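In what follows, a single structure is set out as structure tokens and then discussed.
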Amino acid sequence: MAKKGRFSEFGEAIRNFWNSPGIPSFIEILEKGLDKELFFDPDRADSQIPKEDLPIDFRLRQSGFARKFYEKLFPVSHVFRITHRYGREFLDNFMPLASENYIGRGSYKFVYTLPWNQVVKIGKSKLPSDPIFGSLYKEVQNNLERYLKTEEIGLMHHLQKSAWGESKRDEIRFKFARLGLERLHYWKLKSLIPDLVLPTRFFMGLRFRRSPLGIPVVTLTPCDNQNLLPGKHLKEFIRLNEKVRQNPIQDALFPKWKLNFDTHRFGIINKSKLKKIALDFHRVIEVTRYLAQEEKLIFDIHSENIIITIPDFELKIFDYHVFDEHLYEPSKENPSPEVDHINLIKEFVSSFELG
């Protein structure tokens with residue numbers, strides 16, 4: 001109860017902080033320190049993190065025949081950060097891309113490694129009916145000036161002026177509102193567990209593909225970038241050696257396994273590091289519970305969103321989405337949807353056998 005009260009007071013303090021006069025804007029707070037955190041020297045030949053040390057879920061990398069054929073016809077080339085300067089659109093921060101640098105896809109983004117030990121995540125096209133666009137999206141949509149930089153709003157208006165038709169102008173606004181939504185999701189977690197959430201810069205991107213005729217195919221889409229850390233997804237530490245009993249149909253089509261942490265999977269992990277990981281997981285549980293109970297939001301945490309770094313064995317969260325409680329489908333076993341996520345973490349931590 002004390003913890004719940006603490007998080008509630010903290011949330012209230014954040015809201016008061018935002019609304020106080022003379023306080024830096026949301027964007028200024030969010031971007032503070034990112035230049036230092038994400039700095040790289042393009043003239044320095046950084047050694048690349050070996051592919052075997054990357055937190056890659058190879059099942060996420062696989063694409064169907066249609067997608068592979070499309071990638072062959074229209075190979076990805078590069079992405080720019082696009083903003084508004086000198087009265088027109090302005091491109092900077094060139095990021096070269098190639099199919100061999102593609103390391104994964106989530107529900108909302110494609111992920112590519114960059115030559116300087118960073119990743120860029122390129123937003124997929126989404127319809128407004130997607131459950132991610134709930135109450136937080138409405139908050140952003142109604143207050144764009146809070147969640148977008150001045151030059152981003154300038155770019156949005158500039159692009160809308162040259163667009164043909166109302167639907168195209170609406171589509172442009174939708175993409176910029178989605179950029180603001182990504183920032184708000186990030187802030188929801190970063191403000192509560194700052195040391196566990198990877199520093200992330202969100203920006204509007206211009207992604208280029210090469211067509212068979214040599215004509216570039218250009219897409220305006222929200223993007224973000226992060227530093228690349230050596231480590232493994234949570235599921236890569238898991239032994240699936242004990243099946244959970246279900247009915248025969250579920251056993252055949254949707255098998256479930258008891259999660260066990262394999263402490264020897266990537267070398268011997270001492271107990272002090274396991275205790276630190278367990279403590280951090282309990283902090284994630286408290287944040288998940290707080291968001292569900294106090295703000296009716298579901299922190300969509302999965303094993304693909306969490307990595308444990310190597311060789312430090314620290315817990316890091318690198319993907320951030322929260323959904324409205326009523327838009328997130330609970331399981332039959334747990335009518336309150338956040339319980340699924342909490343139980344997954346608890347089961348994982350209990351396999352550490354720390355007592």
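Which residue out of R146, R201, R178 is without any contact (Cβ under 8 Å) to a residue 60 or more places away in the chain and either open to solvent by 30 Å² or more (accessible area, probe 1.4 Å) or not assigned by the TED database to the domain that holds H321 (or both)? Steps first, please.
Details: R146 fails: without any contact (Cβ under 8 Å) to a residue 60 or more places away in the chain; R201 fails: without any contact (Cβ under 8 Å) to a residue 60 or more places away in the chain.
The unique qualifying residue is R178.
Exactly one of these conditions fails for F40: (1) farther than 18 Å from C223 by Cα; (2) at pLDDT 85 or above. Give me its number.
(2)
Where residues in segment 302-329 are assigned to a loop (DSSP other than H, G, I, E, B), open to solvent by less than 60 Å² (accessible area, probe 1.4 Å) and out of contact with any Leu (no Cβ under 6 Å at 6 or more places or on another chain), which of them is modelled with the lowest pLDDT? Explain how you work it out, then say what you get.
Keep residues of segment 302-329 that are assigned to a loop (DSSP other than H, G, I, E, B), which gives 302, 310-314, 318-321, 328-329.
Subsequent filtering for residues that are open to solvent by less than 60 Å² (accessible area, probe 1.4 Å) retains 310, 313, 318-321, 328.
Next cut, out of contact with any Leu (no Cβ under 6 Å at 6 or more places or on another chain) only: 310, 313, 319, 321, 328.
Working: I310: 86, F313: 88, D319: 87, H321: 90, Y328: 72.
Out of the qualifying residues, it is Y328.
Could we say that K332 is at pLDDT 80 or above, open to solvent by 10 Å² or more (accessible area, probe 1.4 Å) and over 20 Å from the mean Cα position of the chain (by Cα) here? So that I can check it myself, show each step before the final result.
Numbers: at pLDDT 80 or above: no; open to solvent by 10 Å² or more (accessible area, probe 1.4 Å): yes; over 20 Å from the mean Cα position of the chain (by Cα): yes.
For K332, the condition - at pLDDT 80 or above, open to solvent by 10 Å² or more (accessible area, probe 1.4 Å) and over 20 Å from the mean Cα position of the chain (by Cα) - is not met.
Inside segment 133-143, can you point out the residues that are open to solvent by 30 Å² or more (accessible area, probe 1.4 Å) and either touching a helix residue (DSSP H, G or I) at 6+ places or on another chain (Cβ under 9 Å) or touching a residue at least 40 places away in the same chain (Cβ under 8 Å) (or both)? Don't jump to the end; show me each part of the working.
Looking only at segment 133-143, we keep the residues that are open to solvent by 30 Å² or more (accessible area, probe 1.4 Å), and these are 135, 138-139, 141-143.
Once the filter is applied, which keeps residues that are open to solvent by 30 Å² or more (accessible area, probe 1.4 Å) and either touching a helix residue (DSSP H, G or I) at 6+ places or on another chain (Cβ under 9 Å) or touching a residue at least 40 places away in the same chain (Cβ under 8 Å) (or both), segment 133-143 yields S135, E139, Q141, N143.
Could you go through segment 110-120 and let me know if any residue there is of a type in the set (F, W, Y) and open to solvent by 20 Å² or more (accessible area, probe 1.4 Å). Outline the logic, then answer.
Start the filter on segment 110-120 by keeping residues that are of a type in the set (F, W, Y), which leaves 110, 112, 116.
Narrowing further to those that are open to solvent by 20 Å² or more (accessible area, probe 1.4 Å): 110, 116.
Among the residues of segment 110-120, at least one is of a type in the set (F, W, Y) and open to solvent by 20 Å² or more (accessible area, probe 1.4 Å), which makes the answer yes.
From the residues in segment 263-293 that are charged (D, E, K, R) and exposed (fewer than 14 other Cβ atoms within 10 Å of the Cβ), which one is modelled with the lowest pLDDT?
R265
Among the residues of segment 200-221, write down those that are at pLDDT below 95 and either in contact with a His (Cβ under 7 Å, 6 or more places away or on another chain) or assigned to a loop (DSSP other than H, G, I, E, B) (or both).
Those that are at pLDDT below 95 and either in contact with a His (Cβ under 7 Å, 6 or more places away or on another chain) or assigned to a loop (DSSP other than H, G, I, E, B) (or both): S211, P212, L213, G214, I215.
Scan segment 65-94 and report the pairs whose first residue is under 30 Å from L148 (Cβ atoms) and open to solvent by 60 Å² or more (accessible area, probe 1.4 Å) and whose second residue is among the hydrophobic types (A, V, I, L, M, F, W, C) and not in a strand (DSSP E or B), with Cβ atoms within less than 8 Å and a gap of 6+ or a chain change.
Hits for this filter: E89/L155; E89/L159.
The values are calculated or read from the model by the stated rules, or taken from the named source; none is laboratory data. Keep in mind the model is a prediction, meaning the values are calculated, not measured. Don't worry about glycine lacking a Cβ; one is built from the backbone with ideal geometry, like all the others, and counts go over all protein chains shown. Keep in mind that these areas ignore ligands, DNA and RNA; they rest on the heavy atoms of the full protein, side chains included. Shrake-Rupley method; radii C 1.70, N 1.55, O 1.52, S 1.80 Å.
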